[in-house]
Amino acid sequence: MDLSSRNTFGMKVHCRLFVEITEESDLPELDFDSLPQPVFVMGGGSNLLFTGDFPGTVLHVAIDSFPAADGSRKLRLGAGVVFDDFCAWASAEDLWGPENLSLIPGEVGASAVQNIGAYGVEAKDIIETVHAWDRQERRFVDIPAADCGYGYRTSRFKTEWKGRFIITAVTFRLSRTPRPKLDYGGVRKALEARLAAFGTEISDDSLTPRAIRGTIIGIRRQKLPDPDEIGSAGSFFKNPVISKEHFEKIVATARQDNGPGYEVPHYEVGDEIKVPAAWMIEQCGFKGERLGGAQVYPQQPLVLVNATGRAVPEDVLALRDRIIRKIERKYGITLHCEVETV
Ligand code: EPU
């Protein structure tokens, strides 16, 4: 089966067998051992890079149950629901929770594996329970978010539980009480500008999930490639977290390069410092760099794109390696990929 339309990078690769699950009740019936091995479970295909044809089975959970609103603040969504459909729905219903996560590509199931995040909010902040088929115990389980080991773009589903659970649904917790998160990067400023265009400013009345969603969509459209036009898998690398001592060395290098008063962008994370990988990639001169059909996206260099539509996995991998090597040499940091290579 051709997977080109199943991965947002647009890699022209095949798998031996593609299985789609549309009902929870399909899972107990499925004999995993009889499928071509290995079995890979995918969501919307928006956070992965196929490095070639896949020799086994690709399984997609396409359960797209989206219950009608019943006035409760909890919502159980099928793993195959498009995550942004959930964001759009919540904002339209004036419910707080996922508005900062607007326009992130991918599906609900993957959001709980990857702990997707943007603009100061992560999926774990609104996930209550993850519902899954446990392949080991052969039963359905409900896993509270607190047990999922959530961290920056990670969870137990990616580490010690890898391959064990097939997520069928996720219950999210929403709120009628305003919970605006405006303090990440340029969100507040962009919201102010947006409201000013309507002749108003930030107030209890104007601050709605819908206004924030509109603002986030505006920011993302400016910086990130339009998935309908240019293939990519979003941020290709994670932002590294380093010690304060290491950060001081980076500041020294940056001031040699850019002048004495230069400020390196960073965020404090406990005792450590998170440095935007996008900044390092830019400093290494990679903005817009091309290799074959792959390119470092000029507006947000954390994103590698399939610029020609004809990039092959080797182009993306070679560009990845070139970036990693140069950043290692210059800053002594090894970037880790956010995108999963399969
Ligand atoms: N920056 C530069 N040069 C650039 C671009 C950015 O120096 O060309 C610096 C700026 O200082 C900027 C900082 O990098 O303030 C951070 O940039 P941005 O706010 O765009 O976010 P990011 O850290 O690069 C992360 C997520 C994105 C998410 C944004 C917004 C990761 C790996 N990526 O990127 O998530 O949308 O924050 O919250 O954590 C994704 O996961 O696919 C994704 C797009």
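The values are calculated or read from the model by the stated rules, or taken from the named source; none is laboratory data. Treat the numbers as computed from the prediction; the structure is a model and nothing was measured. For neighbour counting, all protein chains shown are included, and Cβ atoms are generated from backbone atoms with ideal geometry for every residue, glycine included. Protein only, heavy atoms only, side chains kept; ligands, DNA and RNA dropped before computing areas. Shrake-Rupley method; radii C 1.70, N 1.55, O 1.52, S 1.80 Å.
Could you figure out which of (1) surrounded by 19 or more Cβ atoms within 10 Å (Cβ to Cβ); (2) of a type in the set (A, V, I, L, M); (3) within 14 Å of the ligand (Cβ to nearest atom) isn't true of Leu103?
Going through the list (1) surrounded by 19 or more Cβ atoms within 10 Å (Cβ to Cβ); (2) of a type in the set (A, V, I, L, M); (3) within 14 Å of the ligand (Cβ to nearest atom), Leu103 breaks only (1).
Across the stretch 183-211, what is the number of residues that are touching a residue at least 40 places away in the same chain (Cβ under 8 Å) and either under 14 Å from Val121 (Cα atoms) or open to solvent by 50 Å² or more (accessible area, probe 1.4 Å) (or both)?
First, pick out the residues of the stretch 183-211 that are touching a residue at least 40 places away in the same chain (Cβ under 8 Å): 183-185, 187, 208-210.
In the following step, the residues that additionally are either under 14 Å from Val121 (Cα atoms) or open to solvent by 50 Å² or more (accessible area, probe 1.4 Å) (or both) were identified as 183-185, 187, 209-210.
Of the residues in that region, 6 qualify.
Every residue in the stretch 265-282 that is open to solvent by 50 Å² or more (accessible area, probe 1.4 Å) and near the ligand (Cβ under 8 Å from one of its atoms), please. Outline the logic, then answer.
Initial filter on the stretch 265-282 (open to solvent by 50 Å² or more (accessible area, probe 1.4 Å)): 265-272, 282.
Listed by number, the residues that qualify are Pro265, Glu282.
Just to be sure, is Leu17 more than 28 Å from the chain's Cα centre (by Cα), farther than 29 Å from Ala318 by Cβ and among the hydrophobic types (A, V, I, L, M, F, W, C)? Step through it out loud before you land on a result.
Details: more than 28 Å from the chain's Cα centre (by Cα): no; farther than 29 Å from Ala318 by Cβ: yes; among the hydrophobic types (A, V, I, L, M, F, W, C): yes.
For Leu17, the condition - more than 28 Å from the chain's Cα centre (by Cα), farther than 29 Å from Ala318 by Cβ and among the hydrophobic types (A, V, I, L, M, F, W, C) - is not met.
Note down all Cβ pairs under 8 Å where the first residue falls in the stretch 263-280 and is free of Cβ contacts under 8 Å to residues at least 60 places away in the same chain and within 22 Å of Ile323 (Cα to Cα), the second is of a type in the set (Phe, Trp, Tyr) and more than 9 Å from the ligand (Cβ to nearest atom), and they're at least six residues apart or on different chains.
Every condition considered, the pairs that remain are Val264/Phe247; His266/Phe247; Ile273/Phe247; Val275/Phe247; Met280/Tyr331.
For the stretch 136-163, what are the residues that are more than 16 Å from the ligand (Cβ to nearest atom), touching a residue at least 12 places away in the same chain (Cβ under 8 Å) and open to solvent by less than 80 Å² (accessible area, probe 1.4 Å)?
So the first thing to find is which residues in the stretch 136-163 are more than 16 Å from the ligand (Cβ to nearest atom), and the list is 136-149, 156-157, 159-163.
Going one step further and asking which of them are touching a residue at least 12 places away in the same chain (Cβ under 8 Å), we end up with 136, 138, 140-145, 148, 157, 163.
Listed by number, the residues that qualify are Val141, Ile143, Pro144, Ala145, Cys148, Phe157, Gly163.
Looking at (1) buried (at least 17 other Cβ atoms within 10 Å of the Cβ); (2) within 16 Å of the ligand (Cβ to nearest atom), find the lone condition where Gly285 falls short.
(1)
List, please: which pairs have Cβ atoms under 9 Å, are six or more places apart or on different chains, and start with a residue in the stretch 316-339 that is among the aromatic types (Phe, Trp, Tyr) and end with one that is away from the ligand (no atom under 13 Å from the Cβ)?
Close Cβ pairs (under 9 Å, with a partner that is away from the ligand (no atom under 13 Å from the Cβ)) amount to Tyr331/Ile242; Tyr331/His246; Tyr331/Lys249; Tyr331/Thr253.
Could you tell me whether the stretch 68-91 includes any residue that is open to solvent by less than 10 Å² (accessible area, probe 1.4 Å) and among the β-branched types (Val, Ile, Thr)?
Checked against the condition, which is being open to solvent by less than 10 Å² (accessible area, probe 1.4 Å) and among the β-branched types (Val, Ile, Thr), the stretch 68-91 yields at least one hit.
One residue is enough: does the stretch 219-235 have a residue meeting the conditions over 27 Å from Gly97 (Cβ atoms), surrounded by 16 or more Cβ atoms within 10 Å (Cβ to Cβ), within 12 Å of the ligand (Cβ to nearest atom) and assigned by TED's automatic domain parsing to the domain that holds Arg322?
Within the stretch 219-235, the first condition is being over 27 Å from Gly97 (Cβ atoms), and the residues that meet it are 229-231.
Pick out the ones that are also surrounded by 16 or more Cβ atoms within 10 Å (Cβ to Cβ) and you get 230-231.
Restricting the remaining residues to those that are within 12 Å of the ligand (Cβ to nearest atom) gives none.
No, because not a single residue in the stretch 219-235 is over 27 Å from Gly97 (Cβ atoms), surrounded by 16 or more Cβ atoms within 10 Å (Cβ to Cβ), within 12 Å of the ligand (Cβ to nearest atom) and assigned by TED's automatic domain parsing to the domain that holds Arg322.
So, in the stretch 288-300, how many residues would count as being within 12 Å of the ligand (Cβ to nearest atom) and open to solvent by 30 Å² or more (accessible area, probe 1.4 Å)?
Pass one, the stretch 288-300, residues within 12 Å of the ligand (Cβ to nearest atom): 288, 296-300.
In the following step, the residues that additionally are open to solvent by 30 Å² or more (accessible area, probe 1.4 Å) were identified as 298-300.
Count: 3.
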